[in-house]
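First the structure, in the form of structure tokens, and then the observations on it.
The values are calculated or read from the model by the stated rules, or taken from the named source; none is laboratory data. Keep in mind the model is a prediction, meaning the values are calculated, not measured. Counting neighbours? That spans all protein chains shown, and the Cβs are built from the backbone with ideal geometry, glycine included.
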């Protein structure tokens, strides 16, 4: 029973810190203390230490013995690798999705796009970011390959913080929504060529994002 409680507490600490780091509520370079985090959550230091280890394994924290734990900055090398892997996987997923695409699947994607548009109208970029996540996950699920999304997710998380910085600009969200609409339209047309071209265009925006963030926030990079 004690182990179950400990795992549950670790999950709660991990999930909260993970969301705060990815959403930039906790910025790169921020030092985290096991003692202070434990006090914040009202738990012992062990579940906090376990959560730190998980976040470290995901390259979100730098854990050094006898030194303060620190939120990891962006690494150009890790970002480029994540970009390459995600591009390869999503091109294949779109290919498979088109093979089974129908009106029911199209309607589900259209519902998500409508919510994205509403989030932009409301100026709610946090909701838009969540819907952006859901849009890509939907394509995996509707193509019949939900487990592939879980595999790709680790790569996606490595650049999510960069995406959040770029979404400080409302115009960036509008450009992303336009890309999403182009992907959906291409898939509905049944054209593999158009769909994969739309995916390449969309994911290549990461190059612009990296350049923008590196220029405006150079201290966030390792």
Cβ-Cβ below 6 Å, separation at least six or inter-chain, first residue in segment 25-36 and in contact (Cβ under 8 Å) with a residue 12 or more places away in the chain, second surrounded by fewer than 15 Cβ atoms within 10 Å (Cβ to Cβ): which pairs? 26/20; 31/68; 34/45
Scanning segment 87-135 residue by residue, those without any contact (Cβ under 8 Å) to a residue 24 or more places away in the chain and in a loop (DSSP other than H, G, I, E, B) turn out to be 102, 124
Note down all Cβ pairs under 7 Å where the first residue falls in segment 157-169 and is at positive phi, the second is at pLDDT below 75, and they're at least six residues apart or on different chains. none
From the option list 92, 106, single residue qualifying as surrounded by fewer than 18 Cβ atoms within 10 Å (Cβ to Cβ), within 19 Å of residue 201 (Cβ to Cβ) and in contact with a helix residue (DSSP H, G or I) (Cβ under 9 Å, 6 or more places away or on another chain) is 92
Is it the case that residue 9 is out of contact with any helix residue (DSSP H, G or I) (no Cβ under 6 Å at 6 or more places or on another chain) and on the phi < 0 side of the Ramachandran plot? no
Can you tell me which residues in segment 54-80 are without any contact (Cβ under 8 Å) to a residue 24 or more places away in the chain and either surrounded by fewer than 14 Cβ atoms within 10 Å (Cβ to Cβ) or not assigned by TED's automatic domain parsing to the domain that holds residue 20 (or both)? 57, 64, 65, 66, 67, 77, 80
Quick check on my filter: what residues within segment 208-222 are surrounded by 14 or more Cβ atoms within 10 Å (Cβ to Cβ), more than 17 Å from the chain's Cα centre (by Cα) and part of a helix (DSSP H, G or I)? 212, 214, 220
Please specify each residue of segment 13-45 satisfying the condition of being over 14 Å from residue 71 (Cα atoms) and touching a helix residue (DSSP H, G or I) at 6+ places or on another chain (Cβ under 7 Å). 13, 35, 38, 41, 43, 44, 45
Can you say whether residue 28 is surrounded by 14 or more Cβ atoms within 10 Å (Cβ to Cβ), over 22 Å from the mean Cα position of the chain (by Cα) and not assigned by TED's automatic domain parsing to the domain that holds residue 195, as far as the supplied structure shows? no
Condition first: under 17 Å from the mean Cα position of the chain (by Cα) and either surrounded by 15 or more Cβ atoms within 10 Å (Cβ to Cβ) or part of a helix (DSSP H, G or I) (or both). Now tell me which residues in segment 184-207 satisfy that. 199, 202, 203, 205, 206, 207
